[in-house]
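Here is the structure we will look at, set down as structure tokens.
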Amino acid sequence: MLPDNDTQFDASGQAWLDQLTARHRNDASRLLQILREMQERFGHIPQDAISRLAERLGIPRARIESVASFYSFLHLKPQGEYRVLFSDNITDRMLGNQALLEQMCQLLWLQPGKVSEDGLVSINTTSCTGMCDQGPALLINGRAITRLSHQRVQEIAQLIRNRTPMSDWPADFFHVGDNIRRGGLLLDNKLAYGEVLHTALAAGAQSIIDTVKASGLRGRGGAGFPTGLKWESCRKAQGSDHYVVCNADEGEPGTFKDRVLLTRQADLVFEGMTLCALAVGAKQGFLYLRGEYRYLLEPLRAVLQRRRDSNLLGESILGKSGFDFDIDIHLGAGAYICGEESALIESLEGKRGVPRNRPPFPVTHGYMQQPTAVDNVETFCQAALAVQMGADKYRAIGTEKSSGSKLISVSGDCAYPGIYEYPFGVSIREILQDCGAVNTRAVQVSGPSGVCVPESEFGRKLGFEDLPTAGAFMVFDDSRDLFEVARNFVHFFAHESCGFCTPCRVGTSMLKQTMDKIANGHGTQYDLNEVENLDRVLQTSSHCGLGRTACNPVLHTLKHFRPAYENKLKSLMFSPAFDLDGSLARARQMTGRDDAGAHLKETE
């Protein structure tokens, strides 16, 4: 293993760092992007490099270490030449990821969470890679490998032992399928790139806002704020600069629709962002891409360059004087909380991704405290379609309060996982029939923070009138233990809490401990009651939505599947999580005693 003094950061490394910071204009707001590139170059953030970077950016060393320690894909100490992260989402678990992880650890003589003594490899887990339709999946040095099997794990272990450069690994290892199962308004559109912009330029900025407002388009991230109203508010806000931000940090377990849109419809995404820029008066846009989608960075940059070459980005777009707009891509580094728009903006500014106090909202005080319109990938695509189709035609699709179509990421116990597009108003039962699900016990709609829907409610419909959703649709058949599903989600929230506020930091940890206590056979009715008390605290005092929704998986499964919990409980009203008498079992074995005097008395 490399020593902590980082002997590899020699003169050539210093020269490379100087070139890197110069390319980023020695701008401290680019800190995360600089650290990400350093991680790719050295495998971690060398200690000697931090001092040099602090000098170049004119910021304290402590700020750099604080930012680097916040993101799970950045490391301040060596993590091995090959950094293996198994996706540990519930769907990966259902597909056998734990057995595959154990197999790789055995093949490489390594424990999870450790770095091998020779510095060759480290193996650990990560929350979700956005590959739920083709798991089990893992990341190696940031590159995704899907559809893992025992045979593929053996092959990967051999490549690692041989120190084979990843550029020489079989190309099919890194294939990521789109798995589009059902198209519609968005996925089947045949618009030529630039076509919507030509239409919009002729109509003008105010017409864009009026059309989007009249179309009834609402944000596709789950909250459903009216898109046209957001753009209008941003346009009217006072500020020296206006910005457009595309949130492509879809970290919610079970969601992968934006990944497919960025692969198949990248031009439409950028077209929607450019429309928004024209509407709000922005000259700069950012696409914040989740770190798990690192493999999309170069293809997306190529699309942006093609659009610049076609005068669809840059100065005087399509010949209109004063219409100047360009887009930069920022890559995340493994922080679920950055999917929250204000945390995302903090990350864009090169800081820890801690959510801001609101108000003020991003439309008035966003990036660099300037008016900023933040929407997700699907929303920008739908906005472009609404402008091209016209408000009336677009509004005719879907329901009265939920216009247009919605992309659904289907995973779990079904024959055909993948992407499905439906007009709003589709029922859960219809989706289950289309994806080939049988004997379904429950569906988790909109990820862990969403709703667990039992079989008796499969007639419910997706839409803001009934079940709003960011797009995740996880299927669980009658062989699944819904307690373990909820427990996985609870572990996810505890891991992804940013730690900023005490209620969430402590509350999610307490919830995790409670679920583990029940799983280990020490739970009681008292513990179930305490979950409800904990939820009240988190609901009223958490800084952001992560804490306020952390108890949802437990509360929803308790409501509909209470026996899954009660079957694991003791009869006592209270039981400690630590079994002291059980811990003495080894001592009794060594002494050969197992009489009553060798046991602790249990008091009812």
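Taking the stated definitions as given, is Val212 surrounded by 17 or more Cβ atoms within 10 Å (Cβ to Cβ), more than 27 Å from Met368 (Cβ to Cβ), touching a residue at least 24 places away in the same chain (Cβ under 8 Å) and outside the structural domain of Thr469 (by TED's automatic domain parsing)?
no
Condition first: closer than 24 Å to Ser446 by Cβ and surrounded by fewer than 18 Cβ atoms within 10 Å (Cβ to Cβ). Can you find one or more residues in segment 159-178 that meet it?
Within segment 159-178, one or more residues are closer than 24 Å to Ser446 by Cβ and surrounded by fewer than 18 Cβ atoms within 10 Å (Cβ to Cβ).
From (1) in a helix (DSSP H, G or I); (2) modelled with pLDDT of 95 or more; (3) more than 23 Å from the chain's Cα centre (by Cα); (4) surrounded by fewer than 16 Cβ atoms within 10 Å (Cβ to Cβ), pick out the condition that doesn't hold for Leu20.
Every listed condition holds for Leu20 apart from (4).
When Thr126 is evaluated against the numbered criteria (1) closer than 26 Å to Phe489 by Cβ; (2) of a type outside the set (Gly, Ala, Ser); (3) surrounded by fewer than 16 Cβ atoms within 10 Å (Cβ to Cβ), which criterion, by number, is the only one it fails?
(3)
If the requirement is being among the acidic types (Asp, Glu), under 27 Å from the mean Cα position of the chain (by Cα) and surrounded by fewer than 23 Cβ atoms within 10 Å (Cβ to Cβ), which of these qualifies: Glu102, Glu155?
Glu102
Name the one entry in Ile337, Ile327 that is closer than 19 Å to Gly219 by Cα and either touching a residue at least 40 places away in the same chain (Cβ under 8 Å) or not assigned by TED's automatic domain parsing to the domain that holds Gln206 (or both).
So the residue among Ile337, Ile327 that is closer than 19 Å to Gly219 by Cα and either touching a residue at least 40 places away in the same chain (Cβ under 8 Å) or not assigned by TED's automatic domain parsing to the domain that holds Gln206 (or both) is Ile337.
Could you figure out which of (1) touching a Leu at 6+ places or on another chain (Cβ under 9 Å); (2) in a helix (DSSP H, G or I); (3) at pLDDT 95 or above isn't true of Arg41?
Result: Arg41 fails condition (3) only.
Within segment 192-225, which residues are under 29 Å from the mean Cα position of the chain (by Cα) and either among the basic types (Lys, Arg) or under 16 Å from Ile397 (Cα atoms) (or both)?
If the condition is that a residue be under 29 Å from the mean Cα position of the chain (by Cα) and either among the basic types (Lys, Arg) or under 16 Å from Ile397 (Cα atoms) (or both), then Val212, Lys213, Ser215, Gly216, Leu217, Arg218, Gly219, Arg220 are the ones that fit.
If I ask for residues that are among the aromatic types (Phe, Trp, Tyr) and either within 28 Å of Leu74 (Cβ to Cβ) or assigned to a strand (DSSP E or B) (or both), which ones from segment 296-348 would you list?
Across segment 296-348, the qualifying residues are Phe325, Tyr336.
Where residues in segment 158-176 are in a loop (DSSP other than H, G, I, E, B) and without any contact (Cβ under 8 Å) to a residue 60 or more places away in the chain, which of them is farthest from the chain's Cα centre (by Cα)?
Asn162
Check off (1) free of Cβ contacts under 8 Å to residues at least 60 places away in the same chain; (2) assigned to a loop (DSSP other than H, G, I, E, B); (3) surrounded by 16 or more Cβ atoms within 10 Å (Cβ to Cβ) for Gln111 and give me the number that stays unchecked.
(3) is the only condition that Gln111 fails.
Kindly indicate which of Glu465, Glu421 is among the acidic types (Asp, Glu), crowded, with 19+ Cβ neighbours inside 10 Å and either closer than 25 Å to Asn376 by Cβ or assigned by TED's automatic domain parsing to the domain that holds Asp133 (or both).
Within the list Glu465, Glu421, the selection yields Glu421.
Taking Ala415 as the residue in question, decide whether it is assigned to a loop (DSSP other than H, G, I, E, B), over 30 Å from Arg30 (Cα atoms) and not assigned by TED's automatic domain parsing to the domain that holds Asp27.
yes
Among the candidates Asn89, Asn26, single out the residue that is free of Cβ contacts under 8 Å to residues at least 40 places away in the same chain, surrounded by 14 or more Cβ atoms within 10 Å (Cβ to Cβ), under 28 Å from Cys498 (Cα atoms) and not hydrophobic (A, V, I, L, M, F, W, C).
Checking each option against the conditions leaves just Asn26.
The values are calculated or read from the model by the stated rules, or taken from the named source; none is laboratory data. Everything numeric here is computed off the predicted structure, so don't read it as measured data. Note: ideal-geometry Cβ built from the backbone for every residue, glycine included; neighbour counts use all protein chains shown.
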